[in-house]
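Heads up, the thing below is written out as structure tokens.
The values are calculated or read from the model by the stated rules, or taken from the named source; none is laboratory data. Just so it is clear, the structure is predicted and the values come from calculations on it, not from any experiment. Cβ coordinates were reconstructed from backbone atoms using ideal geometry, including for glycine residues, and neighbour counts include every protein chain displayed.
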Amino acid sequence: MTDPRRNAQATTPGRALIARLPAVRGRLTPDAPLQDLCWFRTGGPADVLFEPADAADLAQFIRQLDRDVPVTVLGLGSNVLVRDGGIAGVVVRLGARFRPVAVDGCRVEAGAGASGMQVATAARTAGLAGFEFLRGVPGTVGGAVAMNAGAYGQDTSDVLVEVQGVTPEGHLVRRAKAEIGFGYRQAPGAADLIVTAAVFEGRADDPGAIQDRMDRIAAEREASQPLRTRTTGSTFKNPPGDRRAWELIDRAGCRGLTRGHAQVSEKHCNFLINRESRASAADLEALGEEVRRRVAETFGVTLDWEIRRLGRPAPAVPPAHAPDNGPGSDPDTDQRGDRP
Ligand SMILES: Cc1cc2nc3c(=O)[nH]c(=O)nc-3n(C[C@H](O)[C@H](O)[C@H](O)COP(=O)(O)OP(=O)(O)OC[C@H]3O[C@@H](n4cnc5c(N)ncnc54)[C@H](O)[C@@H]3O)c2cc1C
């Protein structure tokens, strides 16, 4: 006789997929929740989460993986919105083996799983300037390369020498900065890679002066950003020219706008926040789209998402009975936040 519960378990997307995946030395987890791995603390699971033992394990896995299985990389999840239906296929996350940071002369070699803070601190200790901005970017080296993360007039490409990574065919390669063609928050020549490490170059300076600059960055961030909320930093890129996304959002009347538990931050209105960790990814995304709509209507400017939205929406659940919402009773109706 067939046990229907066992059948149901066997047919989760993750369990169905994991049976088809190559053997690895690292860890494969089916139906892995991602909420705790992302700053927004919302969204659905990965069909399978893969934490490779090292770069060779990752390369071999990709080489042997069926081409029809999608692969997504996650760093510290500080710039992603994972949709409520989760991420199809395999999500790769680089663990402790990808976190070493070594300084040699003016060069810093860092694993792609190392945090920006780790790199900035190691460079400061070695008396290397140029990495201070990473003090305020709460992601990994892999994420910083993929996003060409930056702040205070500097970005990752300014200090990068080369990246190492795994191609979609499973080859370990090195690419020099010139091959990557970095732009504002983009790294087109590395977009096909799972970055495993990067080499940077700084310039000699006094560690005390470097620390002062890092402290100033920390203080400025504390004053201007909602750091202790569930957020992913700037939601939209600044449009071309000298206009700032936050200013357009503010002047379009979106500061404090809410949808469910999603809110445009009162403190920094290019940040979306997940209040009380109760917003769905759908609410956050719809709120972002509403902001784009209002800015386009007011200024004729189309804001581009800086946040990477990943995965699939939650499957639609048919209502048990017809909704009886009267006019104005739609719980999703946008409204201003807590301001008087
Ligand atoms: C409070 C706050 C402040 C922020 N301030 C800034 C800022 O000043 N400047 C700025 O630029 N950003 C800022 N951010 C956004 C974010 O920290 C950066 O974009 C960061 O570089 C993302 O790194 P991550 O490891 O979290 O990547 P994730 O958010 O996990 O991923 C972002 C993208 O990078 C890709 N990716 C991640 N790792 C790899 C890898 N190893 N190989 C290939 N692709 C990879 C992902 O697939 C995804 O497309 C801020 C975020 C927060 C929450």
Give region 131-153 a look and list any residue that's more than 7 Å from the ligand (Cβ to nearest atom) and more than 23 Å from residue 193 (Cβ to Cβ), or say none.
132, 135, 152, 153
Considering 125, 156, which residue is in contact (Cβ under 8 Å) with a residue 24 or more places away in the chain, near the ligand (Cβ under 8 Å from one of its atoms) and of a type in the set (S, T, N, Q)?
156
Please indicate, with yes or no, whether at least one residue in region 234-247 is away from the ligand (no atom under 16 Å from the Cβ), at pLDDT 95 or above, over 20 Å from residue 309 (Cβ atoms) and more than 22 Å from the chain's Cα centre (by Cα).
yes
Sole residue being buried (at least 17 other Cβ atoms within 10 Å of the Cβ) and at pLDDT 95 or above, chosen from 311, 300, 253
311
Taking region 35-71 and keeping only residues that are touching a Ser or Thr at 6+ places or on another chain (Cβ under 9 Å), free of Cβ contacts under 8 Å to residues at least 60 places away in the same chain and aliphatic (A, V, I, L, M), one is left with 46, 48, 49
For a quick check of your reading: which strands (runs of 3 or more DSSP E) sit entirely within region 209-310 and have at least 3 residues that are in contact (Cβ under 8 Å) with a residue 60 or more places away in the chain and within 19 Å of residue 35 (Cα to Cα)?
231-234, 308-310
Any strands (runs of 3 or more DSSP E) falling wholly within region 159-206 and containing at least 1 residues that are under 20 Å from the mean Cα position of the chain (by Cα)
160-166, 194-201
When both residues are 6+ apart or on different chains and their Cβ atoms are under 8 Å apart, which pairs have a first residue that lies in region 130-151 and is assigned by TED's automatic domain parsing to the domain that holds residue 40, and a second that is near the ligand (Cβ under 7 Å from one of its atoms) and modelled with pLDDT of 95 or more?
none
